[in-house]
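Notes follow the structure.
The values are calculated or read from the model by the stated rules, or taken from the named source; none is laboratory data. Since the structure is predicted, the reported quantities are computational estimates derived from the model, not experimental observations. FYI the Cβ positions are ideal-geometry reconstructions off the backbone, even for glycines, and counts take in every protein chain you see. These accessible areas exclude ligands, DNA and RNA; they are computed on the full protein's heavy atoms, side chains included. Shrake-Rupley method; radii C 1.70, N 1.55, O 1.52, S 1.80 Å.
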Amino acid sequence: MIVVVVCLFSAVSLLAADRVTFVGVALDQETREADRRLQDYLQRSAQIRFAPEELEYGQVIARLADWDPGAGIVLARTTPYVQVVSEMLGADMEVLATYVSETTGQTIYHSYYVARKEDLPPNPTPADVVSLVASSADRMRFTYHSLFSTSSFFLPSLHFRANGVFHMPESTESLAAIQVARVDTNSSSSLVRAVARGEADLAAVWDGTRARFTDGDANDDDRAVGRAVAFVRLPSAIPNDLLVCSRSAPTELKE
C-alpha cells in the first residue's frame, strides 16, 4: 500500500532537535515499508526526527490511549477503527491528513464480503449473503484476522447485526446463527484463500485485497482464487488510514 499524504508539512525548526514518536499499525512488510516511506518524507519536508514504533492493532490503541504528554509528541498512522477506539478510551489526538489510495485513487475505501462464487447468484448483493447465511442448514463459518480490522471485522459485524445475524450456537425464529473464528495471520489475503479452499464460508476484505485477486496484474494462482470467490461490496464507505498527532503538538508542527 503506497500512500500520498493529502496535506503538506512545512519545515519545523522548533522541533528540529527533538524526536517525535511515530507509531504505525504494522500489519505486514508492505505496510511497514509504506510507513518508512511516510517517515522519510516527513523527515525531509518537516525536518522532524522520529523514534519509530511498529505495533499491532491492539497495541496501538493502548499506546495512544495511555500516552503520557510528558513523553513528548506522538505522530501515528491509524486505521479508522483503531482511531475511534483510541479516542473512546481517552486518546487526545488530532487528525491531520489521510491518503489517496494508489489502488482506488480515492480517500475512502469499502469492505467486501468474500464467499464462494458457486454459493451465490450472479452479481450478488449483501442481501444475498444474508440470505445465504439464513438459509444454510449448518452455521456458516466467518473468519477474520483481527477484532480491530475495520474492513474485515467491524463493518461486516455491523452489517450482520443490522440484518439479524449473530455468532451463536443455533438459529432462532428471527435470528440467523453463524460461527465466527479468528485465523492466526496478519494478511487479509489469507482470508480470501481460506474461503476459496473451503476452510471458511465467509470473510471480508478491503479494496486493496480484492484488487490483488481481480486485477490484470495478478499472478496465475491469485487469479484462480479470484475466479473461485465472489467479492460483495458492503454499502458503507470508510475513510482511508489517518495521520494523527497529539492535540498538544505545536501549531507549527501541525501545519
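Please give the contour-minus-distance gain from ARG227 to GLU118: 0.36 nm per residue of separation, less the Cα-Cα distance, rounded to one decimal in nm.
38.2 nm
Taking only protein heavy atoms and a 1.4 Å probe, what accessible area per residue, in Å², does segment 48-146 have with all protein chains in place?
47
Taking R0 as 22 Å, what FRET efficiency do you get between ARG49 and GLU252 from their Cβ-Cβ distance, rounded to the nearest 0.05?
Efficiency at R0 = 22 Å is approximately 0.90.
Got a sec? Charge dipole of the chain, +1 on Cβ for Lys and Arg, -1 for Asp and Glu; which of THR185, ILE61, THR214 is way out at the positive end?
The listed residue farthest towards the positive side: THR214.
Once you keep just the Cα pairs under 8 angstrom separated by 6 or more residues, what percentage relative contact order results for the chain?
Contact order relative to length: 28 percent.
Measure off 7 Å from each Cα along the Cα-to-Cβ vector at ASP217 and ALA127, then give the distance between these two points in nanometres to one decimal.
Calculated label separation equals 3.7 nm.
Quick check: from the Cα gyration tensor, does segment 51-91 come out rounded (a/c under 1.5), prolate or oblate?
Oblate is the answer for segment 51-91, as a/c is 1.5 or above yet b/c matches or exceeds a/b.
Can you tell me, using C-alpha contacts under 8 Å and at least 6 residues apart, the relative contact order of segment 117-255 as a whole percent?
27
Only helical DSSP H runs with n ≥ 4 go in: add -39500 (n - 2.57) per run for the chain, normalise by residue count and round the 222 nm mean residue ellipticity to 500 deg cm²/dmol.
Rounded to the nearest 500, it is -9500 deg cm²/dmol.
At a 1.4 Å probe radius, carbon and sulfur cover how many percent of the accessible area of the chain?
Roughly 49 percent of what the probe reaches on the chain is carbon or sulfur.
Hey, rough spin-label estimate for THR104 and ASP184, points 7 angstrom out along Cα→Cβ, what's it come to in nanometres?
3.2
For segment 92-132, compute Rh as the Kirkwood radius over C-alpha pairs and then the Stokes-Einstein diffusion coefficient at 10 °C and 1.306 mPa s; write the answer in µm²/s, rounded to an integer.
It comes out at roughly 118 µm²/s.
Please report the spacing between the Cα centers of segment 74-108 and segment 120-186 in Å, no decimals.
Between the Cα centres of segment 74-108 and segment 120-186 lies a distance of 26 Å.
Placing one identical point scatterer on every Cα of segment 100-206 and ignoring solvent, what is log10 I(q)/I(0) from the Debye formula at q = 0.14, 0.15, 0.21 Å⁻¹?
Here the Debye-derived log intensity ratios amount to -0.54, -0.62, -1.17.
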